[in-house]
Amino acid sequence: RHSSPSNLYLGEALAALEGTETANVAASGMGAITQVLLQFCKGGDHIVSSRTIYGGTYAFLKNFTPKLHIETTFVDITKLDIVEAAITKNTKVLYCESVSNPLLEVANIKALADLAKKHNLQLVVDNTFSPLLISPVKLGAHVVIHSLTKFINGSSDTLGGVVCGTQEFINNLRNVNDGASMLLGSTMDSLRAASILKNLRTLHIRMTQHSKNAQFLAEKFEADGLKTVYPGLVSHPSHEIFKSMMNADYGFGGLLTIDVGSLDKANELMELMQLKKIGYLAVSLGFYKTLFSAPGSSTSSEIPKKEQIEMGLSEGLIRFSIGLDNDIERTYHMMKNCMIEIGVLKK
Ligand SMILES: Cc1ncc(COP(=O)(O)O)c(C=O)c1O
């Protein structure tokens, strides 16, 4: 569990990607997230977290860490005054996703880093949705996490995670006496590390194409009158913040959402698109094929209905992870025909 050559090579490549001193690879994204939070926090400590995060992370903070007397306050991460008001004398960690799952809210990492500095907190950012697009550590974050399961591996055939940070923090995670990676055992299997490293080599080309296709579709869907959320649209509330943080060339990412009004319509549309081979009804993301899911009843089902409504996660929301299609205009027309067939769009 301590280290192996393949795990170290992959860790060093991911540290280079995120601009950190080093990195620790894990068996899954959740394996990375849980080790970081349990390393930073002990009983009596407090976390301030974005409320729009991956359902598993939400469940861990809401249901699991309270058993260890670690409490979390969930906030709207885009409202800095609310974030600051939630900080207490026991707060140790400020937690968010650069681009949130599934609502695609964008965290102002620079401003959050200033808050973290002011209150002596660790800013931990899950960058799973935006590898290469956003570099949280350059903007002031202390630790960056990825689920490698998604874009970084890119072929939906493995689980993996990574923690990118300082040598000191990574050493702490691997400490044989009290390291959360070492003792909880969420270590990556070395054979997996070799295959993920191979896939990492094409990440820049894939991210550029995912973004190009998603931007094209988002603009078309919005023009068709669908309620569309994509950070690359001028209508996105954090479009300017994303622009101010992004690295040039990779675009605004492969994830977009549309709202088709009801869960029944969402399911009908997704099943039809799957039948027409446009993509797969699946909860993952970052695959070469387009993937779609209704997060309210899948990846965010851990979040109680009432809270889903409060945060704007409506039943008819479909999250798309747009694929690497070579002819995205053709894909658009196929999607539009499906929408017309089920009555979401008029001819
Ligand atoms: C943003 C985000 N972080 C973390 C995870 C968890 O990753 P894994 O499935 O590799 O444990 C997911 C999974 O869906 C995710 O979307």
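What the table shows:
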{"item": "Matching residues, the range 265-296, being among the polar types (S, T, N, Q) and more than 15 Å from the ligand (Cβ to nearest atom)", "result": "Asn267, Gln274, Thr290"}
{"item": "Cβ pairs under 8 Å, 6+ apart, first in the range 318-347 and under 14 Å from Gln274 (Cα atoms), second of a type in the set (Ser, Thr, Tyr) and open to solvent by 90 Å² or more (accessible area, probe 1.4 Å)", "result": "Gly323/Tyr288"}
{"item": "The range 105-125: number of residues that are touching a Ser or Thr at 6+ places or on another chain (Cβ under 7 Å) and either within 14 Å of the ligand (Cβ to nearest atom) or in a strand (DSSP E or B) (or both)", "result": "4"}
{"item": "Test: residue in the range 125-133 that is in contact (Cβ under 8 Å) with a residue 24 or more places away in the chain and surrounded by fewer than 22 Cβ atoms within 10 Å (Cβ to Cβ)", "result": "no"}
{"item": "All positions within the range 211-227 that are in contact with a Phe, Trp or Tyr (Cβ under 7 Å, 6 or more places away or on another chain) and buried (at least 22 other Cβ atoms within 10 Å of the Cβ)", "result": "Ser211, Ala214, Leu217, Ala218"}
{"item": "Among (1) open to solvent by less than 40 Å² (accessible area, probe 1.4 Å); (2) part of a strand (DSSP E or B) - the single one Leu345 does not satisfy", "result": "(2)"}
{"item": "Pairs, first assigned by TED's automatic domain parsing to the domain that holds Leu184 in the range 11-34, second of a type in the set (Asp, Glu) and buried (at least 24 other Cβ atoms within 10 Å of the Cβ), C-beta under 9 Å, six or more apart", "result": "Gly29/Asp126; Ala32/Asp126; Ile33/Asp126"}
{"item": "Verdict on Val137 being within 16 Å of the ligand (Cβ to nearest atom), on the phi < 0 side of the Ramachandran plot, of a type outside the set (S, T, N, Q) and not in a loop (DSSP other than H, G, I, E, B)", "result": "no"}
{"item": "Pro102 vs. criteria under 17 Å from Val163 (Cα atoms) and surrounded by 23 or more Cβ atoms within 10 Å (Cβ to Cβ)", "result": "no"}
{"item": "Filtered residues of the range 239-293 (kept if at positive phi and surrounded by fewer than 18 Cβ atoms within 10 Å (Cβ to Cβ))", "result": "Asp249, Gly261, Lys277"}
{"item": "First in the range 94-117 and aromatic (Phe, Trp, Tyr), second anywhere and open to solvent by less than 10 Å² (accessible area, probe 1.4 Å) and in a loop (DSSP other than H, G, I, E, B), Cβ under 8 Å, 6 or more apart", "result": "Tyr95/Ile53"}
{"item": "Odd one out for His236 among (1) touching a helix residue (DSSP H, G or I) at 6+ places or on another chain (Cβ under 7 Å); (2) crowded, with 18+ Cβ neighbours inside 10 Å", "result": "(1)"}
{"item": "Residue identified as touching a strand residue (DSSP E or B) at 6+ places or on another chain (Cβ under 8 Å), of a type in the set (Ser, Thr, Tyr) and closer than 20 Å to Thr65 by Cβ among Ser147, Ser130", "result": "Ser147"}
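The values are calculated or read from the model by the stated rules, or taken from the named source; none is laboratory data. No experiment lies behind these values; they were computed from the predicted model shown. For neighbour counting, all protein chains shown are included, and Cβ atoms are generated from backbone atoms with ideal geometry for every residue, glycine included. Heavy atoms of the whole protein, side chains included, go into the accessibility calculation; ligands, DNA and RNA do not. Shrake-Rupley method; radii C 1.70, N 1.55, O 1.52, S 1.80 Å.
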